[in-house]
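Asker: Submitted below is the structure of interest, expressed as structure tokens.
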Amino acid sequence: MGSLLQKKIKLLCPRLNIVFTTGYADYHKDAFAMHASGYVEKPITPEKIEAELNELRYPVISQDEKKMRVRTFGNFEVYVDGKPIDFRYSKSKEMLAYLIDRNGALCSNREIMSVLWEDENHISYMKNSRADMIQTLKQCGQESVILRQWGKIGVDTSKIDCDYFAWNRGEISAINTYRGEYMSQYSWAELTHAMLEDEREWD
């Protein structure tokens with residue numbers, strides 16, 4: 001019964017830590033065959049529980065380390081502590097959307113301008129939008145999600161809870177969430193949208 005429940009839970013939340021507790025050693029192999037995060041044999045003691053919690057398969061995010069949550073399926077939206085982030089400029093939000101779409105790849109200033117403004121004559125506007133994006137994320141305690149090199153910028157995908165990233169990892173919950181829309185407010189997102197549609201047709 002426990003193993004069946006774990007399989008169902010893992011389908012819904014693949015990165016959930018599950019620790020088995022039992023008085024029967026026979027279930028030890030079954031637990032680890034299903035990649036459980038831990039296993040505690042009775043008698044259960046605080047020391048055993050603490051030892052398992054210190055060695056969890058997936059790290060637990062504390063209240064001070066909350067990931068930024070990004071929704072791409074449907075309209076693009078960014079949340080911190082369950083509240084949408086309010087950017088000063090609409091292009092600041094769109095720039096972040098494009099970096100999310102690039103899935104961690106570093107993007108040059110020229111590339112960003114050619115996609116968001118469709119020419120290279122908006123360098124000042126681009127710089128202002130980029131500065132606003134970074135400052136807004138900093139005010140939310142999320143500045144570490146941005147990666148920068150000389151003339152390039154990207155996002156650290158490991159620090160963002162994003163449906164598109166989860167879809168790329170093959171997580172069932174994200175695949176089931178996709179309903180045929182991706183960053184609907186941005187025309188440049190059609191390339192990724194077409195890829196998602198192709199994958200859905202193959203499933």
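Asker: Rounded, prolate or oblate for the range 141-203? Axes are the square roots of the Cα gyration tensor eigenvalues, ordered a ≥ b ≥ c, and the cut-off for rounded is a/c under 1.5.
Answerer: Prolate, because a/c is 1.5 or more and a/b exceeds b/c.
Asker: DSSP loop trypsin sites (Lys or Arg not before Pro) in the range 130-176 with at most 14 other Cβ atoms within 10 Å of their Cβ, which ones?
Answerer: Values: sites: Arg130, Lys138, Arg148, Lys152, Lys159, Arg169; in loops: Arg169.
Passing both the DSSP loop test and the Cβ count: Arg169.
Asker: Could you pull out the pairs from Lys42/Lys67; Lys67/Lys127; Lys83/Lys127 whose alpha carbons sit more than 30 Å apart here?
Answerer: Checking Cα-Cα distances, Lys42/Lys67 exceed 30 Å.
Asker: Out of residues 5 or more away from Leu147 or on other chains, whose amide H comes under 5 Å of its own, with H placed 1.01 Å from N in the peptide plane?
Answerer: For Leu147, whose amide H was placed from the backbone, the distant partners under 5 Å are Gly154, Val155, Asp156.
Asker: Asn168 to Ala105: extension gain in nm, 0.36 nm per residue of separation minus the Cα-Cα distance?
Answerer: 21.3 nm
Asker: Mind listing the phi-derived Karplus ³J(HN,Hα) values for the range 157-164, rounded to whole Hz, using 6.51, -1.76 and 1.60 with θ = phi - 60°, and x for any glycine or proline?
Answerer: In residue order, the calculated couplings are 5, 6, 9, 10, 8, 10, 4, 5 Hz.
Asker: Something else now. Near the amide H of Phe76, under 5 Å away, which other amide H atoms are found, from residues 5 or more places off or on another chain, if H is placed in the peptide plane?
Answerer: The answer is Met183, Ser184, Gln185.
Asker: As an exercise, use a Förster radius of 35 Å and the Cβ-Cβ distance of Asp198 and Lys67 to find the FRET efficiency, rounded to the nearest 0.05.
Answerer: 0.75
Asker: Subtracting the Cα-Cα distance from 0.36 nm times the residue separation, let me have the gained length for Leu56 to Val40 in nm, one decimal. Don't skip to the answer; put the middle values down first.
Answerer: Values: separation 16, 0.36 × 16 = 5.76 nm, distance 1.25 nm.
In short, 4.5 nm is gained.
Asker: By the gyration tensor of its Cα atoms, with a ≥ b ≥ c the square roots of the eigenvalues, what is the shape of the range 48-203: rounded for a/c under 1.5, prolate for a/b over b/c, or oblate?
Answerer: Oblate.
Asker: May I pose another question? Given the Cα-Cα distance of Lys159 and Tyr79 and 0.36 nm per residue of separation, how much length would full extension add, in nm?
Answerer: On the way: separation 80, 0.36 × 80 = 28.80 nm, distance 1.30 nm.
Between Lys159 and Tyr79, full extension yields 27.5 nm more.
Asker: Report the label-to-label distance for Leu147 and Thr22 in nanometres (one decimal), using points 7 Å from each Cα along the Cα→Cβ vector.
Answerer: 4.0
Read-outs: derived from the displayed coordinates by stated rules, not from any lab. These numbers come from a predicted model, not from an experiment. FYI the Cβ positions are ideal-geometry reconstructions off the backbone, even for glycines, and counts take in every protein chain you see.
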